[in-house]
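Worksheet: the structure to be examined is printed underneath.
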Amino acid sequence: MISRFFRRIFHGPAHHPDQLLHAPRIPYVAQYTLVAIGVGTLFPVGSMVYLLFIHNLPITVDAMVKLQQQEVLLWVIDSAPVVLAIYAFVLGLREDRLRETFVKLIEERENVTELQRLTRQLERRTNQLRAITQLSGRFSVREDLHDLLKTMLEHIRLNFGYYHAHIYLLNEETDELVVAEGTGTAGEKLKAQQHAIPRSAETSLVARAARTGEVVWVDNVRESKDWLPNPLLPHTYSEIAVPIILRDSVVGVLDVQESRIGAFDEGDANMLNILAAQIAAAIRNIRIFERVDAALAETKAVQEHYQQQVWDRTRITRRRRGKAIFSRPGAPPLSENTVLHGRQQALSQKKPTVVTLPSNDALEHALVAPIKFGSAPIGEVQLYGRDANTPWSDDELQFIEAVLYQVAQAAENLRLFEETQERANRERLITEIGEKMRRAPDIESLMQVTVSELERVLGGARTFVKLGTAQRLLQSERQENLPPPKPSGNPPDKRSNGTAAVAKE
């Protein structure tokens, strides 16, 4: 009861740990003892005044001393200040220790609260890092840039919990930052509208990040002078713009917005910087893929053109070889139009295909297929006469495709073999002619060997060879009368100054 009295005096009616924490730092021992002495003194003083009053004695020192000697109870009452002081001292010690305990508990509670906050923040950062790790695997995969950006923003929305995020890519021709992808309905509308911000715009955090190449964030955009509001995002209160830098050049900006003030810190800036670096790496990889695709397409086109040229020049096509026809006895004849139609169909297909023939033919269907070496067609095959009620199975089509692949490989090998033979024959002829020329004793003989060998190998009707500079040759052409042609059996005409001629009827 007495302790409750002291608490009410110093702490009021409520006794709460926060009140003890913020209570005056004067020790309770001193406070309680002084109050106890003051209160205890009231007891003997009050008792003395009371006794003087009922005994009708004057309030003098002599009367008090006389009364003190007569009343033994006053000696007990006089000890009240001492007793109360001792009790208050003990109670003050207890209260001091209790306050210290409460202060420690409150500090521990605050530490636990801070620890819980840090734990939640750590979990959030862990989830963000996990999301970034998952995204990094996709950045190395060959994928369309817009699909990749859309996937990345969806990960940001799910794992980072931001109000809105979108990505601007720099259009170097117009020097504008154009929305490539965005989250939610607002992002779709911005992309459909091809929303763009000039890089030189002064009232835009995105433009400032693109110009400076540094992270820009504002805790309260409503108080920022260079904030550009967007009617599609009315709840934006804080914003961070992270430049996407590729080879020291800004190629875009990752813009993230939140619906509360002061939503971003250094941790968010670091995380978004990592994401921006990964986006830059993805853009670089996709550009490399595009260049490789273009180079492969060009190489493929050159290879196809080369294949067509070499097959046009080969003796297989020049001498109308490489053709075979099989017809069963009694098979209906095929018109030229049917064969031409089947050839056109075969060359337009990528694999064996059943096509419908013109209605004026006796047959209704045919199986056609191109013969390809690589991707260049080098032939075709046509199969007619199969019963319409017996369709071609997938196994048969795969079998035909495999056989035609072998045909193409074997035909290319034979073409290369013939080409090698032709080259070897040409080199042999060149060597033989060169040997004959080296055995010539003089210029006239060299000219005769030259025209004779050229006429023999190439079969020209007239062959002329003459040495000299261009000016001399043009002058001699106007001055000289060329000899009349002679039969090929006659030896070449001998002429001076390194001239020889031969004619053949």
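The values are calculated or read from the model by the stated rules, or taken from the named source; none is laboratory data. Predicted, not measured: the structure shown is a model, and the values here were computed from it. Ideal geometry is used to build each Cβ from the backbone, glycine not excepted, and the neighbour counts take in all protein chains shown.
Under 9 Å between Cβ atoms, which residue pairs at least 6 apart in sequence (or on different chains) link something in segment 414-429 that is at pLDDT 85 or above with a partner that is surrounded by 10 or more Cβ atoms within 10 Å (Cβ to Cβ)?
Close Cβ pairs satisfying both conditions: LEU429/GLU453; LEU429/VAL457.
Restricting attention to segment 162-176, which residues are over 16 Å from LEU145 (Cα atoms) and touching a residue at least 12 places away in the same chain (Cβ under 8 Å)?
Result: TYR162, TYR163, HIS164, ALA165, THR174, ASP175, GLU176.
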